[in-house]
Every structure is written in C-alpha cells, then in structure tokens.
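In what follows, a structure is listed as structure tokens, so that the remarks can point back to it.
The values are calculated or read from the model by the stated rules, or taken from the named source; none is laboratory data. Treat the numbers as computed from the prediction; the structure is a model and nothing was measured. Cβ sites come from the backbone with ideal geometry, for glycine too, and all protein chains shown count toward neighbours. Side chains are part of the model used for accessible areas, which takes the heavy atoms of the whole protein and leaves out ligands, DNA and RNA. Shrake-Rupley method; radii C 1.70, N 1.55, O 1.52, S 1.80 Å.
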Amino acid sequence: MASPNATFTELVSTTFRKHGKSFTDNVSKHNALYRKLAEGGAPTMVDGGLTIVKPLDHNSNGTYQRYSGYDVLNVTQSDVLSAAEYSWRQIAINVVASGLEMRINKGDSRIIALVKARIKNAIRTFKNNFSVDLYSDGTLPNQITGLQAMVSDTGTGTIGGIDSSTWVFWQNVVQSAAAPLQGGAAITPSATTIESLMLPLYLQLTRGDDQPNLIVMSNDYFTFFESSQTSLKRYAGGSSSGSASAGFVSMMYKNAEVIYDGGSGIPTAHAYFLNTDYIDLVVHEDANMTVLDEVKPYNQDAAVVPVLWMGNLVCSNRALQGVMKA
C-alpha cells in the first residue's frame, strides 16, 4: 500500500514551488521596506561564498593637484577602497503533518486543503517574523542585520565588520528632535514641526545625484507628515510606483517616496531616510524559500518538509542613510 506521506510531500513541494512568486508578493505587500528592496524584480541572488562582501568606495583620491609646467606630480597611492563583510543568516520553516492527519485527509480534495492550510500558515509566519527582523537591531541569535543596527539611533556601531567609532565615514546620520542637526532648542514632533526636522536630514543625505529615495515612517510620524500636507498632497503613483498595487498609501517628499510601515516592526517615533542604491537584500540562490526533500522523524509517525532561506540585509554606504527620531 502506498504511503500517504508521499502524496503529502509531493503536494507541498509542487504547491510551494508553484506559488513561489505569490509567496514573494505576499511578503512584499505586507512590508513596505521589503517591497522597496525587491522592487523591479527580486532580491540580489548569489551562488556562494564564506560571507557576503560589499565593496566600499570610502575615500577621495588624494592625488588631485593643480600644477604648472614642470611641477612634480603627486603619484602617492590613495587608499580609497575597502569592503564590508556580512555573515550569512538562515531561516527555516517546516511544513509538518502527522500520519494521523494525512490518513484522515487522504482523499484528493481533503489532502489538498490540508496542504494549502499549512502553506498559508508558513507564509504568514515568515512575513510577520521577517518584517520584525528587517527593522531589528540584529542582536537575537542568527538574526539578520536590521535597520535599527544599520541605521542606528546613535549613528555608530560595528556593521559589516567595520567599527564606525574608528572609521567615521561608516556612521549614519541622526536627526534627533531632542538635539536637531540644525542646532537650536529641542523640537517637539508634530504636524507643524515635522518638516523642520525632515529638511535638514534630507539635505545632509544629498550628495549630487545621491539622495534618499525612500522614507519609511512609523504611523505616528506619517500622521504628522500627512497632516502637514493639507494644502498640497503629493501621492506616489504611475507605472514607476508599485505602492497602490502593494496595498500601501504613499506620498512624496521631494524625490523620495514616503511610506508608513507601522505594525511591521518599525519602532514608534522613527523615520528612516534611505538611499536604497546602497542597501541590498542578498539571498543565496539555493535557499530562497527553497523546498527541501521530505524528512521523516525516526521516532514519529509524521512527515516534515523543510523550507529554507539564507541571506542578509547589507549596506555599502551608511553615510547616505539617516534616521529621524524623537
């Protein structure tokens, strides 16, 4: 007699693979930051390596020289390149059913319903927890490098193996309402003051063509921002923006899309000014929510189908990332 496990495993594998794109869409629609990082396709896929390495252009070439005639030229080697190194982080979700469940649900329609329920639960579990991880400080065991670490409230920290206390170029910009970048007294965030906090941070993060292209706000800050735009509201739209189809209401601040992301793990009274040209979600091509072969516990009547993810959130320029906080 054929084992019901085989039917269960085959359905899990085929259903999960068939819904691979749907899975990614579900996650991105739940989390504004993930959607923006994956916009236009998918996260960056790599095929291996001991770590994830991002080259850094961190210094100017020191040989720029104005000269005349036979002046001696400066040919000193300039140390302009380095690299940030990020560890792989792994996530596993297991789609599980006992032998009892599979035998009770042996009919075609019933076993399919069981598989769909298990996969729906796995997708919901992944997107909720991954949203938290994206905004985390990365201190939990095996947690990815989240925004609270990468774009920290202090601007410092060791990210990608580089200590920003030693290498100042590796610090992100902090706009604190308690001690504003522009100087002066503390500012209480509100609808009438929110833009006085936003503008100095935006300007400091602008370097030629480089400027923030995404501002992710907690619900309270987004409420202040939208209320400040009562006379003229600019909503993101058109073919270049996926916000409407992703279920998000987004506005524009200069050239940056402004999205609220409350409930996804972003701390209250926070806004992250991001240049996503220098932030990347890197995923291993063999572990991008990849379904593995069935595993049968030796001491249980059950079937387990592991689904694996492996990667990390990485940054190659912290100086162009900023946080606005109370």
*For segment 72-222, what relative contact order do you get, as a whole percent, if you take Cα pairs closer than 8 Å and at least 6 residues apart?*
13
*Using a simple charge model, +1 on the beta-carbon of Lys and Arg, -1 on the beta-carbon of Asp and Glu, nothing else, what dipole does segment 71-227 show about its Cα centre, in debye to the nearest 20?*
1380
*What residues have an amide H closer than 5 Å to that of I159, excluding those fewer than 5 places away on the same chain, when H is modeled at 1.01 Å from N in the peptide plane?*
S164
*Inverse of mean 1/r across different Cα pairs in segment 103-185, Kirkwood, Å*: 16.4
*If eta is 1.002 mPa s and T is 20 °C, what Stokes-Einstein diffusion coefficient results for segment 126-234, Kirkwood Rh from Cα pairs, in µm²/s?*
135
*Near the amide H of S152, under 5 Å away, which other amide H atoms are found, from residues 5 or more places off or on another chain, if H is placed in the peptide plane?*
N172
*Could you pull the accessible area for E226 with a 1.4 Å probe, rounded to 10 Å²?*
50
_Carbon/sulfur fraction of accessible area - segment 64-210, other protein chains in place, 1.4 Å, %_ = 53
_Roughly how far apart, in whole Å, are the Cα centres of segment 181-198 and segment 101-150?_
40
_Coil-residue chymotrypsin sites (Phe, Trp or Tyr not before Pro) of segment 169-223, DSSP, other Cβ within 10 Å capped at 12_ = none
*asked:* If amide hydrogens are placed 1.01 Å from N in the peptide plane, which non-local residues have theirs closer than 5 Å to the one on A302?
replied: G99
*Per residue and in Å³, how big is the convex hull formed by the alpha-carbon atoms of segment 269-322?*
134
*For the charge dipole of segment 249-307, defined by +1 on Lys and Arg C-beta atoms and -1 on Asp and Glu C-beta atoms about the Cα centroid, which residue among Y298, V283, I266 has the Cα displaced farthest towards the positive pole?*
I266
*Return one whole number: the accessible area per residue of segment 109-233 in Å², for a 1.4 Å probe.*
48
